[in-house]
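Scroll down for the structure; my scribbles are underneath it.
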Amino acid sequence: MKKTYKIKGMHCASCAGTIERVLLKTSGVHSVSVNFASESALIEFDEKNISESDLARATESVGYKLIIGSQSTSARVPAGADAVTSASTISIKVLGMDSPHCAIIVENALKKLRGIKNSDLDFSNQRAKVVFDPKALTLDDIFQVIIDAGYRPLQEEGEAEEMLDKEKVEREKQTKGMKRKLVIGGILAVLIFLGSFPDWFSFIPRFLNQYWILLILTTPVQFWVGRQFYSGLKLLIKYRTADMNTLIAIGTLAAYLYSAAVTFFPYFFARGGITPKIYFDTSAIIIVLILLGKYFEVLMKGRASEAIKKLIGLQPKTAKVIKDGKEIEISIMDVDVGDLIIVRPGERVPVDGKVTEGDSEIDESMVTGESMPVHKTVGSAVIGSTVNKFGTFTFRATKVGKDTVLSRIITMVEEAQGSKAPIQRLADLVSSYFVPAVIVIATVTFLVWYLFGPAPAFHFALINFVAVLIIACPCALGLATPMAIMVSSGSAAAKGILVKDAASFEIAGKLDTVILDKTGTLTQGKPQLTDVLAFHDENKSEILHIAASLEQRSEHPLAKAILQYAASLDQKSSHPLDKAIIDEAKKEKIDLYILEDFRAISGKGLRGSLLVGSQKIEAYLGNRILMQEMSFDIAPYDEAITNLESEGKTVMILAVHKQIKGALAVADVLKNESKKAVEALKKNGLEVWMITGDNKRTAAAIAKQVGIDRVMSEVLPDKKSEKVRELQAQGRIVAMIGDGINDAPALAQAHIGIAMGEGTDIAMESANITLMRGDLMLIPETIRLSQWTMRVIKQNLFWAFFYNSAFIPVAAGILYPFFGILLNPIFAAVAMAFSSISVVLNSMRLK
């Protein structure tokens, strides 16, 4: 059987992979698809071989909870399994954990602790979610392991802004400390370098050439300036794992300890009258250069994650709420759904809601990317954290806390930055084996040079050993994808494009087919009165007046469309009453005739009697079928009516006293940018389809107007996903763009679902990408950004792979037998620092 279950405890995209792996290994399970966004798992399994309790037990074994049946907050715990409720979950900010390799190091260290049930590491947001047994270990134990691994843990408590402040303080403290060490270390490294080469720098005082003085100058650089690198040694000894810091620590310590030994025991190392060399300059300069690279990396990474920080910083801290008729200022955390809140000019809207009194212009650019302020009146929706420009208004809170639009945007951007693109898996795999492999290569390099190298063999062996350890850079590999994803998702959010996960960037860059839903996507989604035809020299204004009067008790869209007529009435008309009708429509004060004997005729139209002055007239408004049933002759007007119908418009014919007087056409009008957006998509080489429930003639008319030549018409809402599948079966990579609840299955079925932000929450939840405003030009912009992001990721990966695969052999001395070239460890340190910085700088171009 195939069944969907809710999964509790998933915190990032990698959780889904963990659950899938453990369930697929379970006997009797045929297929598993875990959706992190919806916190659900679609499992196909054999009931004869495995029960739901077995599925729950398997899921629970990796620290998650599978909900069976009607259980909502707690699952029945199978016999023999530890109750998940006995475990505690903590969210920790891990400062310094900014690459996949760092995450692996922290995860491996945590796994060594007894009592850890599961850990999920999200390096792009520097976050760790840890499930542990509080009976077996304490929070301090977990923090100590993270500190031992070389990172700084912070417990995530309180609101996002509080955490941001804590993180900012810690980051400032970190950069300040690094800056101080760089200044002192830099001065000492220069003195050590000058003192190490008396033949080059004869002007240097003699005492600086003494080994003991150089040892004294190098020691603080080695053990104070380079202190952070010794976490790598602690990892190696205590947790039997290694990271980049391990390479740096081993390499620099090898140079320092050998030089110290030469200083203490010079005669032991002097053979054949040759004075032994020292490498204090190598050790000191390498540490300072790598720290300099790290310093620049920290500064640039801070800039790369600005998008989230800006969004969080936009949230107001207080709200002015009306309680018992009085205005009081309360914390944003204390605002409840239903509260009446007053907002004055220049203030930010505290939470999401609907205007109950007043009107204003609101700047929504931080959410939608739209630069022009949006006019809000009674009934209009307002978004929390947007800026009120002019008027004062009161609104009722509808969404607070984590349910607001801004909070959901922050969550989506964080999840996108924390998720992995498929292209990243290779880099992650290489990173996990990288450090041990480099240590092996360095050891082999040392042995080969020591045993087979020219004299002095130990000198060559040590230099090349250090060079191999220092030049290797797993960080460049680890940062290649997440850095680009972090910058591009932030850049997209600023434009009003929300990308749910990293994989969406990769797939969107490969799209070859786009399906556009007609209603609400290509069109405005609201019927508008587009044409008024007057026959027998009748006045257009009078035709409109009679039609509006007949519609006043109807729920037909025409009634509403007439009041919006100002937007679409032919303003070039010479009739003097047209302008008057426009003004009346804008004021919504059309003076309607008195309606009597009203009767709606289902599927055909309506009839009624109107009092026009002192005269009572009988009028009909409806389609062709109604006119034919009433035996009204429409043949003389058939051509004009057919022309409107061929444009995809719904025509209603007006008859008064059994004579055809005129006709009104209603249509769901195309958005202004629809045609331009379709042209842009076609220019990108994409095949564009339109999908609609309309009949073939109407669908063809709309498609022609917008420039689409591939149409799926008369498609029922529940069949849209089948149409997507049909194109996928042809090997096409399909994007579906829609806005309604009926589009949700198709959005989920497509390789990439794009929801219009003006649409329903369900559509947005089903989609991979959400456009925060209904501007179709954001679709080609999304595809362009995705293609550019993938280009940058490929450049990053190429550079990282090329750098490591080309320079490690050079550092090992492979060129020496042919060209006499050896790589100085100092230049290796420069190259290593540059490799990470180049990846970060290349990614920053996406801003």
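The values are calculated or read from the model by the stated rules, or taken from the named source; none is laboratory data. Just so it is clear, the structure is predicted and the values come from calculations on it, not from any experiment. In this analysis, Cβ positions are derived from the backbone assuming ideal geometry, glycine residues included, and neighbour counts consider all displayed protein chains. Note: areas computed on protein heavy atoms with side chains; ligands, DNA, RNA excluded. Shrake-Rupley method; radii C 1.70, N 1.55, O 1.52, S 1.80 Å.
See the values below:
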quantity	calculated
Pairs where the first residue, in segment 682-695, is of a type in the set (Gly, Ala, Ser) and the second is in a loop (DSSP other than H, G, I, E, B) and surrounded by fewer than 16 Cβ atoms within 10 Å (Cβ to Cβ), C-beta under 7 Å, 6+ apart	Gly693/Glu714; Gly693/Leu716
Residues located in segment 747-774, provided they are assigned to a loop (DSSP other than H, G, I, E, B) and modelled with pLDDT of 85 or more	Ala750, His751
Tally, over segment 512-535, of residues that are outside any strand (DSSP E or B) and surrounded by fewer than 24 Cβ atoms within 10 Å (Cβ to Cβ)	4
Residue in segment 781-802 that is under 30 Å from Ala249 (Cα atoms), open to solvent by 20 Å² or more (accessible area, probe 1.4 Å), modelled with pLDDT under 80 and aromatic (Phe, Trp, Tyr) present	yes
Residue that is modelled with the lowest pLDDT, among those in segment 242-277 that are within 22 Å of Ile470 (Cα to Cα) and either in contact with a Ser or Thr (Cβ under 6 Å, 6 or more places away or on another chain) or open to solvent by 50 Å² or more (accessible area, probe 1.4 Å) (or both)	Asn245
Inter-residue pairs, beta-carbon under 6 Å, first closer than 20 Å to Ser196 by Cα and of a type in the set (Val, Ile, Thr) and in segment 262-273, second part of a loop (DSSP other than H, G, I, E, B) and modelled with pLDDT under 80, 6+ apart	Val262/Pro276; Val262/Ile278
Search result, residues across segment 792-831 that are in contact (Cβ under 8 Å) with a residue 40 or more places away in the chain and at positive phi	Gly813
Entirely in segment 34-108, the strands (runs of 3 or more DSSP E) that have 3 or more residues that are surrounded by 22 or more Cβ atoms within 10 Å (Cβ to Cβ), of a type outside the set (Lys, Arg) and at pLDDT 80 or above	40-45
Residues (open to solvent by 20 Å² or more (accessible area, probe 1.4 Å) and among the polar types (S, T, N, Q)) located in segment 764-780	Ser766, Asn768
Verdict on Leu797 being part of a helix (DSSP H, G or I), under 23 Å from the mean Cα position of the chain (by Cα) and closer than 27 Å to Val444 by Cβ	yes
Neighbours by Cβ (under 6 Å, 6+ apart or cross-chain): first from segment 142-154, farther than 10 Å from Gln126 by Cβ; second small (Gly, Ala, Ser) and outside any loop (DSSP other than H, G, I, E, B)	Val145/Ala109; Ala149/Ala109; Gly150/Ser231
Filter result for Arg607 (in a strand (DSSP E or B), more than 30 Å from Val724 (Cα to Cα) and without any contact (Cβ under 8 Å) to a residue 12 or more places away in the chain)	no
Every residue from segment 193-227 that is open to solvent by less than 80 Å² (accessible area, probe 1.4 Å), assigned to a helix (DSSP H, G or I), of a type in the set (A, V, I, L, M, F, W, C) and farther than 30 Å from Asp148 by Cβ	Phe193, Leu194, Leu208, Ile213, Leu214
Selection within segment 333-365 - polar (S, T, N, Q) and under 13 Å from Leu314 (Cβ atoms)	Ser365
Segment 626-668: number of residues that are of a type in the set (A, V, I, L, M, F, W, C) and under 21 Å from Ala699 (Cβ atoms)	7
Residue ranges of helices (runs of 4 or more DSSP H) in segment 351-460 with at least 1 members open to solvent by 50 Å² or more (accessible area, probe 1.4 Å) and at pLDDT 70 or above	405-418, 424-452
